[in-house]
Each structure stands twice: as structure tokens, then as C-alpha cells.
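The values are calculated or read from the model by the stated rules, or taken from the named source; none is laboratory data. These numbers come from a predicted model, not from an experiment. Methodologically, a virtual Cβ is constructed for each residue, glycine included, from the backbone with ideal geometry; neighbour enumeration extends over all protein chains shown.
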Amino acid sequence: MEILHHGGRFGVTGSCHELRVAPDMAVLIDCGLLQGADVPAADEQQIGFSAEQIKALLLTHCHIDHVGRLPWLLAAGFRGPIYCTEATATLLPLVIEDAIKVGITRSDDIIDGVLAVLRRLLRPVAYDSWQPVFDGLSVRFRQAGHIMGSAYIECQLADQRIVFSGDIGCKDTPLLPDPTPLEYADLLLLESTYGDRLHEDRSQRQARLQAIIERCVRDRGAILIPAFSIGRTQELLYELEDIIHDLKQQNMAEDFPLVVLDSPLAARFTEKYRDLKALWDAEAKQRLVAGRHPLAFDELHVIESHSQHEQLVNRLQTSAEPVIIVAAGGMCAGGRITNYLKALLPDPRTDVLFVGYQAQGTPGRTIQQYGPDGGYVDIDHQRIHIKAQIHTLGGYSAHADQAGLLDFIGSAAKPVGAVRLTHGEPTAQRELSRKIRERFKIPVE
């Protein structure tokens, strides 16, 4: 048995791991897009390894940094089964369609052809059920609590169990069940995105969000929230609806700013999330029973066309109008959020609110790092000086923090044999490695 890493070993994007059982027999766990500083100098996303021995692809979830190179894998000749959870199978075609449009072509014929191949290969698997892949390997998908459909994957070989964590979510995340406790692992490949930090708790984050909204209303400015189309967008809408509901109970909601979702892709994912409400957690289902609509409330306005988007950007640049803008992309490297940033970062009434991880080399990381001191960021070859207020709310992260990752290891019914850290920057991996050795006394790579 051998594990090869084709991305995501020492960075937070491009997750792609090969579990090779024999020289001609292997499975691939994820096939993610490289982003930010992880992108090769030639900006190439091609598959840099042979796909001939890859008999199946296992997907932990459908974020772009875990599935975005799938079109290139298909182009390299892969035609094996693609195993994933039922919710991931529902969401994945939307992700791949967008990835092709952004990175390859906007040809409808090519996109339709790739999606047709993808749908033929998809093999949805229920949570917690063992799925034979080939002789000597069965896999099981367990709830990871990261986004809808996310899973960590247990790979059972004849003499050992290898577990790939994918991305482990936080406990008490809106809409999602908590991660399922680990049964055991001889080797656990564990993400380490936030291996060196702790998040604020959920009650603190909602209070901070409400304080920023109150500033927006007072100063007649805009709140810009760069958000990933899957997961963070829906969680934010859920939290905003809760704030509005509480204010209405106190007859204090009349000044609440309009909430604008300006991302056609995020709007489509939000519709899918509503369709998947059978998978929501107990709290979210209770709100539905009470007649509330956490992802489709009255104050939410969806921008569909690009002309509507341009009109709103121009209007906000010249008006004093409090508004909350939720727009893709999450790391500010593309998407409609870039036009809002170019127009409104120089305005001191603007608040930029980061709720997701900003990878090294992305405009989001630059704004997050240098914006509080009045620095600048280059977007679309334009230098934009930052006068806006910059905020980071760690409590909205989709990734477990250091304590959550340690608790995940500790949740095992039988002690974990060894850990190999993935999906994290070197500083995060070093600190998490130290903590794991200190607490569990097990080998860490």
C-alpha cells in the first residue's frame, strides 16, 4: 500500500490523494483545483500523473479545491466510477459546469458533453454504508459537517483502515449535523487548515455580525461579504434570517438593510440546499415547522443578470444606501465581488467581512492582511487603496479549528494509530503536529 499526493499535502487547495493498493490498482480521493500560491508558475491545472491505474474516484465533498480538476481527469481518460454522497452527487454538476466556464470554455456543446460523462460515472452512496470498490477495498462515507453532502472517507483494506478526512466542519454549524465520531484509523490523513488557531464561538460571531450591520445602517454604507457559493453563503443567509427574526420579535426590524445575493451560482446552490432540507439539522427543521424560511426570507433579493449587477455597483458607488452584499468569489480572485471591491474599498463607510479562509497569494489574503492598516490590493491589474473597514469573523469558518481537529482524533472509539497532516500551510501543520504528539502520543507526519 502506498499513498501519493498530487495536491493538497502542504497547501490548502488542490486536494488530490492516490491510495495505491497495487501497482495497477488505485483510487483517487478528491481531484481539486489549485488556487492562489498553490498554482504552478505556468498556471497549469492538467493532471500531472497517470490515470491508467486509477480505478475509482472518491469525493469527500464538492468544493472547487476538492473537485475542480475533475474535467482534466476526464480529459486524461478516466472513466471509472465516481463515488460520493447523494447530496454531493446532486450539487457536483453545478460546480463542474461553473469550473469549465471559468477555466476552460463557455462552449455549451463541450460543457454538456462533459456533464453527460460525469452523470454516467456518478455512483451516489448513502452515509454509513460500506461500498465495495474492488477486491480488497471497501469504503464508507461518514458525516463531516463541512458543507451539505460532505464526508470523511474510511478505506478498509485487508489488514488496515486508512481514513481521509476531507474537510472537517465545526460543531453547531447551521443547517448541518455535527461530524460523526471517528470509529478508528490505523492511519488518519487529517486536514489542518486551522491547525494553529481557535475560532470564536457562534454566539460571539452573531453579535459581531449584528454590530457591523448596525454600523452599516448608521453610516449609510455597504457590507461586502465575499462568500463561497456552497456552504458559507447558505450559512450566512441562515444567520441573517435569525437576526431579522429576533429584531421583528422586538419590533425593531424596520431599518434592517436589504440583503443582496449577487451570485447566480450561489442562488442555484441555495435552491438545491432548500431541496435537500431532509438533510438539515434539527434546529433548521424546527424553524421550518415554525413557518420560517431561513434561506428564502422577505428581505433577501437575488441579482440574476450581469446588467443588474453593474447597475447596483454603480448605484452604491454614488449613493448613501445601507445594504448587505453577499457575492462570489470567496477569496476575491474572481466573481462579482471584485467589482464591488474595486468600487467600494476606497469608501470608509464600507465594511468588508471575511467569513472564510483566504489562501496565500489571493486578493482576499492581501485585503485581510494589509487592509486594516490602510494598504492596497491589486485587482484586475488595478491598484485599489483600502479605506474600508476590514473584519474577519472566524466563527463562520467551515473548517474545524485546532480544538475541533484534536477532538475529532479524540472521538475515535479505538485509538488512532498515526496521523498524516494535509490541507494546511506549514505553520498550521507544525503547530497542530506538536499538539497531536503532546496529547495523543502518536506518530505525526
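Condition first: assigned by TED's automatic domain parsing to the domain that holds residue 17, in a loop (DSSP other than H, G, I, E, B) and either free of Cβ contacts under 8 Å to residues at least 24 places away in the same chain or surrounded by 16 or more Cβ atoms within 10 Å (Cβ to Cβ) (or both). Can you find one or more residues in segment 89-106 that meet it? Yes - at least one qualifying residue is present in segment 89-106. Note on segment 12-59: among residues that are acidic (Asp, Glu) and at pLDDT 85 or above, the one that is surrounded by the most Cβ atoms within 10 Å (Cβ to Cβ) is 30. Restricting to segment 124-166, and then to whatever is part of a loop (DSSP other than H, G, I, E, B) and under 18 Å from residue 416 (Cβ atoms), can you tell me which residue is farthest from the chain's Cα centre (by Cα)? Per the criteria, the residue is 159. Scanning segment 372-385 for residues that are more than 26 Å from the chain's Cα centre (by Cα) and either outside any strand (DSSP E or B) or crowded, with 17+ Cβ neighbours inside 10 Å (or both) turns up 373, 374, 375, 381, 384. Only one of the numbered conditions (1) among the polar types (S, T, N, Q); (2) touching a Lys or Arg at 6+ places or on another chain (Cβ under 9 Å); (3) buried (at least 23 other Cβ atoms within 10 Å of the Cβ) is violated by residue 85, and that is (2).
Of the residues 11, 77, the single one that is touching a residue at least 40 places away in the same chain (Cβ under 8 Å), small (Gly, Ala, Ser) and not in a strand (DSSP E or B) is 11.
Every listed requirement among (1) touching a helix residue (DSSP H, G or I) at 6+ places or on another chain (Cβ under 8 Å); (2) among the acidic types (Asp, Glu); (3) without any contact (Cβ under 8 Å) to a residue 12 or more places away in the chain is met by residue 191 save one, (3). Among the residues making up segment 399-428, those that are in a loop (DSSP other than H, G, I, E, B) and among the hydrophobic types (A, V, I, L, M, F, W, C) are 400, 412, 413, 416, 418.
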